[in-house]
Amino acid sequence: MNDRKKNSTQNFDATVMWLYAILVGIGILCIFMVEYKPGIDVFQSFISGKTNYGKQLIFSGICVVLATFILLADSKLFTAFANLMYAFGIVLMLATFVIGKSISGSKSWIPLGGGFNLQPAELCKVFTALAIAKFLSRQETDFTKLKSQIIAAAIALMPAVLSIAQHELGLALVYLTFFIVMYREGLPPGILVISFSFAVLVVATLLIEPNVLAILLTIIAAITVYTLRRQIKRKKNLLPIIISIWMICVGIQRFVVPYIFNNTFECYQSTRIYSMVGKEYDCSQNKKAQKSSKPPKKTDDYNVRQSIIAIGSGGFWGKGFLKGTQTRGKYVPEQHTDFIFTSLGEAFGFVGCTVFLGLYLFLLFRIVRIAERQRSTFSRVYAYCVASILFFHITVNVCMTIGLFPIIGIPLPLISYGGSSLLTFTILLFILLRLDADRQMVLR
């Protein structure tokens, strides 16, 4: 038994560990660049814990201790307590509605004292990944059946629904990445095709005038009927299916999409999505804005413009460490959190950003490689969950800073300031390393 434990501790993937340490170090460096003031005692500002980069250093120290405990734990603990941890995460998210603290309009934080707050929606990503891995690895789970697919979808969507109720749309979207993992494990591709088609229809609704889009959908339906006329003669139910799909699409673009933007989303959320496609949203149509006594603030375009200016000003080689004028001038809002990538772009330019994103890409490929060498379905599914979450966060955050995606408050993994975010990604990665060390075992 002792020999088995000794051998497993020697199987930890050192590459992932090094990438983790490098990225955390880069994150602290970026936060320091954002908040640096000439003439301060750098060492004292770090150890005092009064600055954000000082707090991030403390967070990283806590994460190192936690990571050590995870690596020393028994892998079977994660399978045994997966469902219990998921239930605990849901309870924590529900607790925010009672004892939660509102930050930036989102009541999704639990105050811990000393200026520190916990965001359960972040931590619940770990618990959801474990719960999905647990469910899909059960011998009695047949993922080709609709019942199993519905249960897996419910596990992923429950925290997403709670996140939306907490006004955390960005975090809610993260939970949709678990459907990529389900597709890898046998979810019918038709579901992904329908989801992608819906997304295309939503974008088309924003870009094209409603009547014109309805005519285009009608033309597409007519062309489809003409093309499949022979099949329609042989299969009498094919024509009603085509007509039903046409009616659903027209109904979505004429009624469903406007209702969501005008009644479900906040004014600033609708504005962000419209700005992504180069359109302006009329907040007078938004029911929640009409009920609010405060006039809507149009700051999103400013945020993105300043972000693009900061990254563009870095040029090819960058302005150098602590020499970024946009960063030093505090022109970019929330630069130490959602827009932390801009400090890298301005300081180290295109070359620095390419190297930095290369580190992320290397990490993702390494995780996929780890996933494919697992004997256990539990470990494989969990590894793909980690890869999907990281990929979504990286892609969306970087696209946000360069204006290719609406601002939805997604942190850059291991880089953005925040104890909850750093803690979540640390736990995600080191549970993966612990499971991978015991990859010869079959966990359920």
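Every number in this text was worked out from the coordinates using simple rules, so none of it is lab data. Everything quoted here is computed from the prediction, not taken from an experiment. FYI the Cβ positions are ideal-geometry reconstructions off the backbone, even for glycines, and counts take in every protein chain you see.
Some points to look at:
- In plain terms, the chain from Ala14 to Leu176 could stretch by 55.3 nm, reckoned as 0.36 nm per residue minus the Cα-Cα distance.
- Computed extension length for Val256-Ser48: 69.7 nm, one decimal, from 0.36 nm per residue of separation with the Cα-Cα distance subtracted.
- Cα shape, the chain, gyration tensor, a/c 1.5 rule: oblate
- Pair Arg230, Asp41: separation of 7 Å Cα→Cβ label points (nm): 8.6 nm
- Helical content alone sets the calculated 222 nm signal of the chain at -21500 deg cm²/dmol, taking -39,500 (n - 2.57) per DSSP H segment of four or more residues and averaging over every residue.
- Proxy reagent accessibility, fewest Cβ within 10 Å first, across Asp13, Asp436: Asp13, Asp436
- Least to most buried among Arg373, Arg230, Arg366, Arg272 (fewest other Cβ within 10 Å first): Arg230, Arg373, Arg366, Arg272
- Globularity index of segment 239-280 is 1.49 (Cα radius of gyration / 2.2 N^0.38 Å, N = number of residues).
- The chain: Cys lacking any partner C-beta under 4.7 angstrom: Cys30, Cys63, Cys124, Cys249, Cys353, Cys385, Cys399
- Separation of the Trp317 and Lys76 label points, Cα + 7 Å toward Cβ, nm: 5.9 nm
- Most mobile of Ile62, Ile340, Ile242 in a GNM of the chain (Cα contacts under 10 Å): Ile242
- Ranked Ile164, Ile26, criterion: other C-beta atoms within 10 Å, fewest first: Ile164, Ile26
- Build a GNM of the chain with springs between Cα atoms under 10 Å apart, and of Val386, Val24, Val65 the one that fluctuates most is Val65.
- Cα gyration tensor category, rounded, prolate or oblate, for segment 312-444 with a/c compared to 1.5: prolate
- Long hydrophobic helices in the chain, taken as whole DSSP H segments with a C-alpha length of 24 Å or more on their own axis and mean Kyte-Doolittle hydropathy at least -0.5: 14-35, 52-72, 82-99, 146-165, 189-207, 210-227, 341-372, 377-401, 419-437.
- Extension gain from Phe196 to Cys399, taking 0.36 nm per residue of separation minus the Cα-Cα distance: 71.2 nm
- Residues considered: Ile273, Ile40, Ile99. Largest GNM mean-square fluctuation over the chain, using C-alpha springs under 10 Å, is found at Ile40.
- Cα gyration tensor category, rounded, prolate or oblate, for segment 125-264 with a/c compared to 1.5: oblate
- The chain - percent relative contact order, Cα under 8 Å, separation 6 or more: 24 percent
- Value of Rg to Rh for segment 354-432 (Rh from inverse mean 1/r over Cα pairs, i.e. Kirkwood): 1.00
- Computed over the alpha-carbon atoms, segment 18-100 gives an Rg to Rh ratio of 1.12, Rh here being the Kirkwood radius from the mean inverse distance.
- Spin-label model, Arg369 to Thr325: label points 7 Å out along the Cα-to-beta-carbon direction sit 4.3 nm apart.
- Averaging Cα coordinates gives a centre for segment 358-428 and one for segment 32-70; these two points are 23 Å apart.
- Per-pair calculated FRET efficiency, R0 = 35 Å: Arg138 and Phe69 via Cβ, rounded to 0.05: 0.80
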